[in-house]
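The values are calculated or read from the model by the stated rules, or taken from the named source; none is laboratory data. All values derive from a computational prediction rather than experimental measurement. FYI the Cβ positions are ideal-geometry reconstructions off the backbone, even for glycines, and counts take in every protein chain you see. Areas reflect the complete protein model, heavy atoms only, side chains present, ligands, DNA and RNA absent. Shrake-Rupley method; radii C 1.70, N 1.55, O 1.52, S 1.80 Å.
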Amino acid sequence: MSDAQSDNPIYGPFFGVMGAASAIIFSALGAAYGTAKSGTGIAAMSVMRPELIMKSIIPVVMAGIIAIYGLVVAVLIAGALEEPSSYTLYKGFIHLGAGLSVGFSGLAAGFAIGIVGDAGVRGTAQQPRLFVGMILILIFAEVLGLYGLIVAIYLYTK
Amino acid sequence: MANKKGNNAGGRTQQQINDSKDYSAFKVVFFYCSLIVFLPVATFFLLKSTVLERFFTMSEVTTNIYSAVGAVVALHLALGLYIYKAYFGGSQHTESYKKID
């Protein structure tokens, strides 16, 4: 077997495809959990304080941003996929790692945003000064997904 | 929504006021949410095409990286704008509504 063939096996792009898929799948999973969990909190809170809708939508928006991180990385990886003849196995591994890093970071961040958003909007309805604290905690949950995105982009440049 | 006291005219105006408040709040939230959803996507592809067009010597990976970073920066600018608006602009009327039975 020649060197070119062993470096470019037919299953090489499989890893890249799985990387692109897992980037968006797990990010969307985390974003969906965050949206649903904080959505129940908003629905329960808005019965008594409907004027706080604008403030309480923030966890839902932040959960949606997690999915955009996954979308960006998935589009990047999908743009770099090629035929097996010009796609090394190393590139496939790199793309799989990039997709998994942003995917699972997004999953974790989405869980955190959901739980914090649920408790935060319920608490903000009773004590409006909690809003600043809720935003700070949400930002700290959000940057977990951003760290995954940074690692994914750094891996992508290899 | 039924008005138990039979005060139809007053109830309707109150409801119209509430509806217009809801509609204006919906407009603001819808604008910012669509900004947050579509701005990064537009920034990504716009930046990709223009950077590719202008600096053609740049490799495709570098172009993609700059487009992705620009999209994420635009996303956070829109999010910061929304939080600013929600924190300073969304609380000018602080009176509480009554629960609708």
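If I filter region A:111-138 down to residues being free of Cβ contacts under 8 Å to residues at least 12 places away in the same chain and hydrophobic (A, V, I, L, M, F, W, C), which single residue comes out as most open to solvent (accessible area, probe 1.4 Å)? Out of the qualifying residues, it is A:Leu136. The single condition among (1) closer than 25 Å to B:Phe26 by Cβ; (2) of a type outside the set (D, E, K, R); (3) away from chain B (no Cβ under 11 Å); (4) surrounded by 19 or more Cβ atoms within 10 Å (Cβ to Cβ) that A:Ala43 does not meet is (4). Candidates are the residues of region A:68-104 that are open to solvent by less than 30 Å² (accessible area, probe 1.4 Å) and within 8 Å of the chain's Cα centre (by Cα); the one that is nearest to the other protein chains (Cβ to nearest Cβ) is A:Ile68.
Per the listing A:Gly64, A:Gly34, the residue uniquely at pLDDT 95 or above and either surrounded by fewer than 19 Cβ atoms within 10 Å (Cβ to Cβ) or within 18 Å of the chain's Cα centre (by Cα) (or both) is A:Gly34.
Quick check on region B:43-72: of everything there that is open to solvent by 80 Å² or more (accessible area, probe 1.4 Å) and assigned to a helix (DSSP H, G or I), which residue is farthest from the other protein chains (Cβ to nearest Cβ)? The residue in question is B:Arg54. Could you please let me know if A:Ser6 is among the polar types (S, T, N, Q), more than 30 Å from A:Val121 (Cα to Cα) and without any contact (Cβ under 8 Å) to a residue 60 or more places away in the chain? It is true that A:Ser6 is among the polar types (S, T, N, Q), more than 30 Å from A:Val121 (Cα to Cα) and without any contact (Cβ under 8 Å) to a residue 60 or more places away in the chain. Filtering region A:46-61 to residues that are under 18 Å from the mean Cα position of the chain (by Cα) and facing another protein chain (nearest Cβ under 7 Å) leaves A:Ile58, A:Val61.
Looking at A:Gly145, A:Gly114, A:Gly133, just one residue is within 11 Å of chain B (Cβ to nearest Cβ) and within 21 Å of B:Gly80 (Cα to Cα), and that residue is A:Gly145. The sole residue among A:Ala98, A:Ala119, A:Ala112, A:Ala23 that is under 21 Å from B:Phe38 (Cβ atoms), modelled with pLDDT of 95 or more and part of a helix (DSSP H, G or I) is A:Ala23. So is A:Met62 outside any helix (DSSP H, G or I) and touching a residue at least 60 places away in the same chain (Cβ under 8 Å) or not? It is false that A:Met62 is outside any helix (DSSP H, G or I) and touching a residue at least 60 places away in the same chain (Cβ under 8 Å).
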